[in-house]
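The values are calculated or read from the model by the stated rules, or taken from the named source; none is laboratory data. Since the structure is predicted, the reported quantities are computational estimates derived from the model, not experimental observations. A quick note on method: Cβ atoms are made from the backbone with ideal geometry, for glycine too, and the neighbour counts reach across all protein chains shown.
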Amino acid sequence: MIEAVAELGKFLVEGKSKTSSKTCDGDFSNNISSFLTPVESDKVLLICLEQKQSGFEYCGVEPQNPLESRAQFYLFSQGAKGGGTNFSPACILTKPKTKRDMTQDEVKQAIRENVENVFEKKVENWFSNKALPLAKKLSKQGDISDKDALFIQSISQAVENNREKIINHVSDHIFSEFEKLKSSVLLTFLIDGKYIGEYEIFKRFLLELIKEKAEKSSSQDKTCCICKQKRENVSGTVNVFKFYTIDKPGFIKGGFSSENAWKNFPVCSSCQIHLSEGRKFLEQNLQFKFYNFKYLLIPKLLFSTSAAYSEVLNILQNTQKEIRLGEKTLDKITDDENEILETLSTFNDSISVTFLFMVPQMGAERIVLMIEDVFPSHLKNIFDAKRHTEKKFRKLFDNPDIVFTFQQIKHFFSKSNRLRKKSDLDSYFLEITESIFKKKPIDFQFLLTHFCRRLQDSIANNDFFDFYNSCSYAMQILEFLNSLKILKLKGDECGMSVETPFDEILNEFPVASKNPAVKGIILVGALCDMLLRIQSAGLKKAPGRMPPFAKNLKGLRLKQADIISLLPKIENKLMEYSAFGKAKKLVAATASELLLKAPADWKLSSDEVSFYFACGMNLGQKIRDLAKKLTNDLDETEAEE
């Protein structure tokens, strides 16, 4: 995966430098954008300084809306998180957390304390501990002029002299915009009307500080782990992807010494630039939402020529642009409106993609899921299975609006209990996602447990609508996985061998079985649905609430004996309502016959019995309509209609 990102970055860097005779090896200055951190703040605050005869004069703060095109001018390059300084005096001021019962003065004080703390650690310390010593060192070596050194010293002095004014002005502005701010403010400088990124001295210092950090853990004449070439210098502090940190001795290979940290992940300067450029491109162009996650879509070409890269990236970028402008509509399998997986599914298998899911964690990044080498041919299979599922269920339920995405799966793998505030089943959801994209089998019994949990929860909460919705989702998931040929069944699901008048519906059920009891359970569930709908209409229950007979379903924790006893109860109740006509009698008789033909022990778990019964309820109206047609009972009028 890392190699694919570096390969992408190499293509981008070479494209930028075609008109230049310089190469990227050791030439960091041509690629300073690689080391800049994307600005995601709500506002930019500029500390304005103007040069006078006696030095620099502070002129207040100027707010701006952040623009991506000005990223190089802001010169924000994040260093160590927390108390460490950045590689430039630009820094982020996060919106402080406040309590509802805090007074305006208390909020203002909290903002000021936050601003003062960040200003001291990120701005003042950058000048006093980084810039001034570096200016002295470079001036002594003759690498910068005395004028440049004095320039830095004068700005540092102005910052020190106007410390309180700057902190107060910044605090006042954040307080005035506090309700509008969502996350943070970027604090940077405007000197004589120019951004610090327009001054060569600030860019030079940024690159020097990055080099200094790299040299703390580096080695000479070693092999780079990315390009596999022996390089003059490799470093172990490349943090383009922060999968590991070296801030604790136990994290470091080779005697727990920071000097040996290069052994963990030795990267040469060229590959560092390539990685930075590659990641920046991915975040700007190929980062997508996936419910409560985000992922990077990393392309990898089997024959990585410049022409091939250029063609692929142009297609992907143009596709996204057309989607955003409303010029193109694609089928989607996720919740991201800008998803481009259908476009990728039309490519040939000379390209593959990696899905990289990461979450920030304690200053580093944790990979929660990485799905490598997904080929367009399999993406096409996924979209074919999606379309097959949609077509089948649109016809089955006469609903042209049915759309299948991963939302149906997420429906069951979000919270183990609806009272929970946060998702606790994300690991299962990601595991299923990986199985779908990597063609790994998914066990039916595992799915069944979570299907039944959600259905039982709906019954317990008297939520009729959610019950039927969940049941439909479960059937769609099974059909989708079965179509992909990754649904792992327990062995006896080889086709429903016992013929019935309702086979045109029952044989479409995603999980078939030789056991006649399965068809019987489904038909008992269908008959129960007919009864519940009659009760619901007759008793004028609130829409979506469970009718009285639902208490006989034992919270949908049914066993073999429960199904056998339910059938006569349903028949008797229908007779009480004078609603046991020819159509329902055919359903009841067929169900009874199937249960009698079944073995004495059905060898079905409670979850299996409950799920088949629930699916029968979901198919109830379709089975009723077919029964009416078969018995020529079309004139019968019933309350549930």
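The residue of region 435-455 that is surrounded by the fewest Cβ atoms within 10 Å (Cβ to Cβ), among those that are in contact with a Lys or Arg (Cβ under 7 Å, 6 or more places away or on another chain) and part of a helix (DSSP H, G or I), is Gln445. Screening region 250-264 for residues that are within 17 Å of Lys213 (Cα to Cα) and in a helix (DSSP H, G or I) and picking the one that is modelled with the lowest pLDDT gives Ser258.
Would you check if Ile409 is within 20 Å of the chain's Cα centre (by Cα) and not in a loop (DSSP other than H, G, I, E, B)? Yes: the conditions hold for Ile409.
Taking region 265-300 as the range and being among the basic types (Lys, Arg) and outside any helix (DSSP H, G or I) as the test, the residues that pass are Lys289, Lys294, Lys300.
Listed here are the residues, each with its yes/no results for (1) surrounded by fewer than 15 Cβ atoms within 10 Å (Cβ to Cβ); (2) at pLDDT 90 or above.
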| position | (1), (2) |
| --- | --- |
| Pro38 | yes, no |
| Asp42 | no, no |
| Leu49 | no, yes |
| Gly55 | yes, no |
| Gln78 | no, no |
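Of all the criteria given as (1) of a type in the set (Lys, Arg); (2) in a loop (DSSP other than H, G, I, E, B); (3) assigned by TED's automatic domain parsing to the domain that holds Val312, the one not satisfied by Arg366 is (2).
Matching residues to (1) closer than 26 Å to Leu619 by Cα; (2) crowded, with 16+ Cβ neighbours inside 10 Å; (3) aromatic (Phe, Trp, Tyr):
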{"site": "Lys391", "(1), (2), (3)": "yes, no, no"}
{"site": "Leu419", "(1), (2), (3)": "no, no, no"}
{"site": "Phe429", "(1), (2), (3)": "no, yes, yes"}
{"site": "Asp463", "(1), (2), (3)": "yes, yes, no"}
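Taken over region 170-180, the criterion of being in contact (Cβ under 8 Å) with a residue 60 or more places away in the chain and either closer than 16 Å to Asn129 by Cα or surrounded by fewer than 19 Cβ atoms within 10 Å (Cβ to Cβ) (or both) is satisfied by Phe175, Glu177, Phe178, Lys180. Candidates Thr433, Thr354: the one that is at pLDDT 95 or above and either farther than 25 Å from Pro510 by Cβ or out of contact with any helix residue (DSSP H, G or I) (no Cβ under 6 Å at 6 or more places or on another chain) (or both) is Thr433. Residues that are outside any loop (DSSP other than H, G, I, E, B) and among the polar types (S, T, N, Q) were ranked within region 22-31; the one that is modelled with the highest pLDDT is Asn31. Set side by side, the residues Asn381, Asn338 differ, and just one is farther than 30 Å from Ile459 by Cα and in contact with a strand residue (DSSP E or B) (Cβ under 9 Å, 6 or more places away or on another chain), which is Asn338.
For region 185-205, residues that are buried (at least 17 other Cβ atoms within 10 Å of the Cβ) and within 23 Å of Arg163 (Cα to Cα) total 14. The single condition among (1) of a type outside the set (Val, Ile, Thr); (2) part of a helix (DSSP H, G or I); (3) surrounded by 19 or more Cβ atoms within 10 Å (Cβ to Cβ) that Ser414 does not meet is (2).
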